[in-house]
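The values are calculated or read from the model by the stated rules, or taken from the named source; none is laboratory data. Computed from a prediction, not measured in an experiment: that's the story for all the values here. With ideal geometry, Cβ positions are generated from the backbone for all residues, glycine too; neighbour counts draw on all protein chains shown. Heads up: the accessible areas ignore ligands, DNA and RNA and are worked out on the full protein's heavy atoms, side chains in. Shrake-Rupley method; radii C 1.70, N 1.55, O 1.52, S 1.80 Å.
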Amino acid sequence: MCTVVVRVDPGSDWPVTMLAMRDESPSRPWDPPAAWWPERDPALRGVRDREAGGAWLAASDDAGLAVVLNRWEATPATDGTWTTRGVLPLDALQGAVPGHDGTAPTTRAFNLVRATATGASVVSWDGEHVRTTVLGPGVHMVTHGEPDDPAAPRIGRWLDVFRAAQAPSGPPVLAPFDELRAADAGTDAGDGWGPWFRVLADSAALPADDPDAILRDTVEPEGHFATLSIVAAAVGPERTVLQHARLADPGDIDGSVELHRA
């Protein structure tokens, strides 16, 4: 399941910064950030799932950023089918909040992290209820359960570590793998992202199938899931900046095959 770390600082030049790790089946095809949905809005860009056509993460300069994470709860469908969760980030950037009209989502369970120049929140659907958690000032972590839940693997191990590190306060200059290499070398790009990437590099010492591992490669009851890419992002009043890297080997940060700034 994916991992998102969010820093919220209302009133600053860049009120939200985010580090997001995407976990998915390595056999499921996808595309890096680009404007894949011109029929919706040419300004929308994001990580596209080729199979269902939706987005894991989507952004625009005007609307900010949204990223969807799977939750752990089983969600039965009345007819055995579901709407892809990939529509959620796209809908959110166009003003449609899941459950806002009182109807239950037709997707499986999810956490939807939403970031704008005014702050950040998590919309959660557990199969029974839709609720919104506002993320107050500070650093937060979201995985497959409740935001900031210390009982959740990864959060219990790493949230306090991220909170103790200096948080980035603006857009990343370097791509994620360059940040990681700088962290390993004990250097810093001067963009404020070094401390978070040092935490991420330290976490990579865990086996990729450890429950506390952020960078993952594990077989779960739902199938094989691995960390496929990393996004570092900053959301400001008039601009959203993404730096993206695809992992050459799922769950492994030793190299990369694609780097993108969007």
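Of note:
- Applying 0.36 nm per residue to the separation of Val161 and Asp252 and subtracting their alpha-carbon distance, the gain on full extension is 30.7 nm.
- Exposure rule at most 15 other beta-carbon atoms within 10 Å, DSSP loop GluC sites (Glu not before Pro): the chain longest free segment: 129-221
- Relative contact order for the stretch 68-174, counting Cα pairs under 8 Å that sit 6 or more residues apart, in percent: 23 percent
- Rg over Rh for the stretch 50-95 works out to 1.04, both radii taken from alpha-carbon positions and Rh defined as the Kirkwood radius.
- Between the beta carbons of Ala77 and Ala34, assuming R0 = 30 Å, the FRET efficiency works out to 0.45 to the nearest 0.05.
- Mean ellipticity per residue at 222 nm, deg cm²/dmol - from DSSP H runs of n ≥ 4 across the chain, formula -39500 (n - 2.57): -4000 deg cm²/dmol
- Sulfur and carbon atoms: percent of accessible area, the stretch 1-106 [1.4 Å]: 51 percent
- Placing unit charges on the Cβ atoms only, positive for Lys and Arg and negative for Asp and Glu, gives the chain a dipole magnitude near 360 debye about its Cα centre.
- Sequence-distant contacts, meaning Cα pairs under 8 Å at least 6 residues apart, place the relative contact order of the chain at 22 percent.
- By the Cα gyration tensor, the stretch 89-220 has an equivalent ellipsoid whose semi-axes, rounded to whole angstrom, run 29, 19, 13 from largest to smallest.
- From the alpha carbon centroid of the stretch 170-234 to that of the stretch 1-54 is 16 Å.
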